[in-house]
1. If I ask for residues that are touching an Asp or Glu at 6+ places or on another chain (Cβ under 7 Å) and either over 21 Å from residue 103 (Cα atoms) or without any contact (Cβ under 8 Å) to a residue 24 or more places away in the chain (or both), which ones from region 1-28 would you list?
2. One residue is enough: does region 40-58 have a residue meeting the conditions surrounded by fewer than 19 Cβ atoms within 10 Å (Cβ to Cβ), under 11 Å from the mean Cα position of the chain (by Cα) and closer than 20 Å to residue 2 by Cβ?
3. Collect the residues in region 1-34 that are surrounded by fewer than 20 Cβ atoms within 10 Å (Cβ to Cβ), in contact with a strand residue (DSSP E or B) (Cβ under 6 Å, 6 or more places away or on another chain) and among the aromatic types (Phe, Trp, Tyr), keeping them in residue-number order.
4. Restricting attention to region 69-78, does a residue exist that is more than 23 Å from residue 119 (Cα to Cα), in contact (Cβ under 8 Å) with a residue 40 or more places away in the chain and in contact with a helix residue (DSSP H, G or I) (Cβ under 7 Å, 6 or more places away or on another chain)?
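Just so it is clear, none of the values below were taken in a lab; they were calculated from the coordinates. In this text, all values refer to a predicted model and were calculated from it rather than measured experimentally. Because the Cβ atoms are built from the backbone with ideal geometry, glycine has one as well, and the counts that use them run over all protein chains shown.
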Amino acid sequence: MFKVLFVDNDATLRMIGKKAIEGHWDDCKVVLAVNGAEALKLALKEQPVLIILDLIMPGFDGVETLKKLREQGSQAPVIFVTAREDASELQAYSNLGVKAVLQKPFVPRTLLEECSKILDQKS
């Protein structure tokens with residue numbers, strides 16, 4: 001069984017993501033976090049193979065959380081989800097090693113397509 005960490009302060013988006021991913025992969029467990037601090041703890045404990053990370057959250061934002069995840073040794077690929085649309089900002093995220101950026105609200109099928117691209121590369 002592999003694990004995906006889904007980090008978003010929006011409970012509805014967390015549940016949509018969890019249902020879509022676990023419904024698509026029988027051998028996947030989605031671990032949910034509400035903020036960056038919780039994500040850091042869960043990433044150490046659960047060792048996810050993929051992290052889906054909200055960009056704008058209270059406390060640590062997505063960029064800060066990603067930097068801290070890397071500092072603690074996580075090399076899991078990251079997909080950012082964000083309501084931002086500024087193209088120059090989106091390019092900066094890819095420069096941080098983010099594999100994909102999805103606009104909110106995302107379509108579950110689009111989320112699964114991006115997850116599949118990354119997970120297929122890992123297997």
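1. In the first step, residues of region 1-28 are kept if they are touching an Asp or Glu at 6+ places or on another chain (Cβ under 7 Å); the result is 1-3, 5, 7-9, 14, 28.
Matches in region 1-28: 1, 2, 3, 14, 28.
2. yes
3. 2
4. Pass one, region 69-78, residues more than 23 Å from residue 119 (Cα to Cα): none.
Within region 69-78 (the criterion being more than 23 Å from residue 119 (Cα to Cα), in contact (Cβ under 8 Å) with a residue 40 or more places away in the chain and in contact with a helix residue (DSSP H, G or I) (Cβ under 7 Å, 6 or more places away or on another chain)), the answer is no, since none of the residues qualifies.
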